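The structure under discussion appears below in the form of structure tokens.
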Amino acid sequence: MSSDTFRGYRRPDGSVGVRNHVVVIPSCGCALHAAAQIAARVAGSVLLGYDEGCGATQHDIDLGATWLAQYGRHPNVVGTLVVSLGCETLDAADLTRRIAQGWAPVELLVIQQEGGTRRTIERGAEIVRGMVAGAGGYRAEPCPASALTVGLECGGSDATSGMAANPAMGAFSDLLVAQGARVILAETSELLGADHILTGHAATPQVACRLTETLEACEAFYKATGEDFMGKQPAPGNVMGGISTVEEKALGDALKGGSSPIVDVLEYGQAPRLPGLSFMDTPGNDPLSVSGLVAAGCQVVAFTTGRGNPMGNPIAPVIKLTGNAGTFARMGADMDLDASPIISGEASIAQVGRRLYDLCLEVASGRITAAEATGHHEFKLLRQGVVF
Amino acid sequence: MAKVLRIHPDDNVAMALSDLPAGTPLELADGGACGLVTREAIPFGHKVALAPIRAGESVIKYGTCIGLATADIALGQHVHVHNLRSIRGSVKR
């Protein structure tokens, strides 16, 4: 098989970026405003809208810091400013040190030490301007498709998702896996009812056991709330679009993974350890799930929708496809690819899967996605425990 | 004649490929005749019963049970949350 390529940015640590983002990371909710103002003042910088970091369990704080550090060291990031208030639980100096272990520059500003909001914004904008000026110097060069880690996501699903966009994404995933890329299927709560499909694709009995364990833990966690899944899985829009039960949604969702073996089961935000298709345990909530996929190192995310979900991510392009011709017509500026020809019989699943694959390599080479063009920067990290 | 899509040969429901008014004669998208007529309006993407399904029986799509009928469902009826409930997503069984 020939090796396909895209034009990416080779980093000193051996990773490959597809964008050159300078990010501003608040280390707690009280630093969010200053961080947002800095990002808003400097074109070419982007905010990670983190608003936790304080008053949570140490477990959640530690995991949040780990994922933020992974964003700071993500191959699509070429510079980071951490903005701290100065009294939060999350250790902003440690977060900064962890990002500094990577190759890209990082700076820390503490609002209480800088002398308040205005001084922090002024000083921060100056630092970030310098980082953005330096970001222009990177040159793209041919890189193999195997250097990509791609997340698979669906949101705002309807009955067309399981017929067109998700099977096309499955064909796309198989093409990436054949190139030796890393691909991550996620959204545990949306797969309850497709357990046998997932375990049937497990590369080993150990992976099958871990999939079963992950799905059962998710089910128990949600059932402990005492609430039926209806209204959440499926969500009201899913139901309007013809999906009646979580099982029906799951069987359509599972098609995103294609026919490749599932080689590993990952925690939320954990980087894939093996080439091929991995499963990551994330909620079905789209900003949470996509943020976890990107924390794990996905340079690109592919996203199917039925009703029409425009969301993106601050540092990774999110490619949208829909199998609903009406959605594509109504929300064309939020979509990148029309998968509805599968339903009208004008294109096969394999053909649309190939189009998505070609588009993914173009996006990895710099083509701007609809979510990037419309400025979507949704960012939300998992928190499981209480807020103090 | 309007097309509906049966995803798997074992399915007892099919998906409407357009908004179907009551009384629409149906054919399967893969060419198979089914001799069915919609008993009520079926919106695009929603399910129509291809076989009678009794209360408590499985509704099959993708060749797999997607839940249980909560009422008797006749040929050509709309199958959705009013007559189909999830097993997996129900706390109170």
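Just so it is clear, none of the values below were taken in a lab; they were calculated from the coordinates. No experiment lies behind these values; they were computed from the predicted model shown. Here the Cβ positions follow ideal geometry from the backbone for every residue, glycine too, while neighbour counts run over all protein chains shown.
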Next item on the list: Going by C-beta contacts inside 10 Å, put A:THR369, A:THR214 in order with the fewest on the left.
Entry: A:THR214, A:THR369
Notebook entry, point to check: Shape of the protein assembly as shown from its Cα gyration tensor (a ≥ b ≥ c, root eigenvalues): rounded if a/c is under 1.5, otherwise prolate when a/b > b/c, or oblate?
Noted result: prolate
Checklist line | Total charge dipole magnitude, chain A, about the Cα centre, Cβ charges on Lys, Arg, Asp, Glu only, Debye to nearest 20 | finding: 1200
Check: For chain B, what is the relative contact order in percent, using Cα pairs closer than 8 Å and at least 6 residues apart in sequence?
Finding: 26
Checklist line | Gyration tensor (alpha-carbon) shape descriptor, the stretch A:21-137, a/c threshold 1.5 | finding: oblate
Next item on the list: Over chain A, calculate the relative contact order: mean separation of alpha carbon pairs under 8 Å at least 6 apart, over the residue count, as a percent.
Entry: 21
Next item on the list: Let me have the relative contact order for the stretch A:299-388, percent, based on Cα pairs under 8 Å that are six or more residues apart.
Entry: 34
Notebook entry, point to check: Which pairs, out of A:LYS232/B:LYS47; A:LYS232/B:LYS3; A:LYS380/B:LYS92, put more than 25 Å between their alpha-carbon atoms?
Noted result: A:LYS232/B:LYS3; A:LYS380/B:LYS92
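Highest mean first, what order results for A:180-186, A:380-386 on Cβ atoms within 10 Å?
Ranked by mean Cβ neighbours within 10 Å, highest first: A:180-186, A:380-386.
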Margin query: What do you get for the angle between helix A:58-72 and the principal long axis of chain A? Use alpha-carbon atoms, 0 to 90 degrees, nearest ten.
Written below: 90
Check: Cross-link partners among aspartates and glutamates for A:LYS223, C-alpha distance below 13 Å, same-chain residues fewer than 8 apart left out?
Finding: none
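Efficiency by 1/(1 + (r/R0)^6): what FRET value for B:HIS82 and A:SER365, r their Cβ-Cβ distance, R0 = 45 Å, to the nearest 0.05? Display every interim value, and only then the final one.
Numbers: r = 49 Å, r/R0 = 1.08.
Calculated transfer efficiency: 0.40.
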Check: How many angstrom lie between the C-alpha centres of the stretch A:193-254 and the stretch A:306-334?
Finding: 23
Next item on the list: Just add up the charged neighbours of A:GLY17: K/R +1, D/E -1, any other residue whose Cβ is under 13 Å from the Cβ of A:GLY17.
Entry: +4
Check: If one computes the Cα centroid of the stretch A:78-107 and of the stretch B:60-82, what distance in Å separates the two points?
Finding: 54
Note to self: Report for chain A the percent antiparallel among DSSP-assigned beta bridges with both residues inside it, nearest 5.
What the structure shows: 15
Next item on the list: Would you please give the FRET efficiency between A:GLU267 and A:GLU346, computed as 1/(1 + (r/R0)^6) with r the Cβ-Cβ distance and R0 = 45 Å, to the nearest 0.05?
Entry: 0.65
Checklist line | Cα-projected label distance for A:ARG139 with A:ALA220, points at 7 Å along beta-carbon direction, nm | finding: 5.6
Check: Can you pull the mean other chain C-beta count within 10 Å for peptide A:246-255?
Finding: 5
Checklist line | Cβ-based exposure ranking for A:SER2, A:SER161, A:SER289, A:SER189, in which fewest neighbours within 10 Å come first | finding: A:SER2, A:SER189, A:SER289, A:SER161
Check: Taking the highest mean first, how do the peptides B:19-25, A:357-363, A:154-160, A:31-37 order by number of other beta carbon atoms within 10 angstrom per residue?
Finding: A:154-160, A:31-37, A:357-363, B:19-25
Check: What is the Cα centroid distance between the stretch B:14-33 and the stretch A:1-56, reported in whole angstrom?
Finding: 48
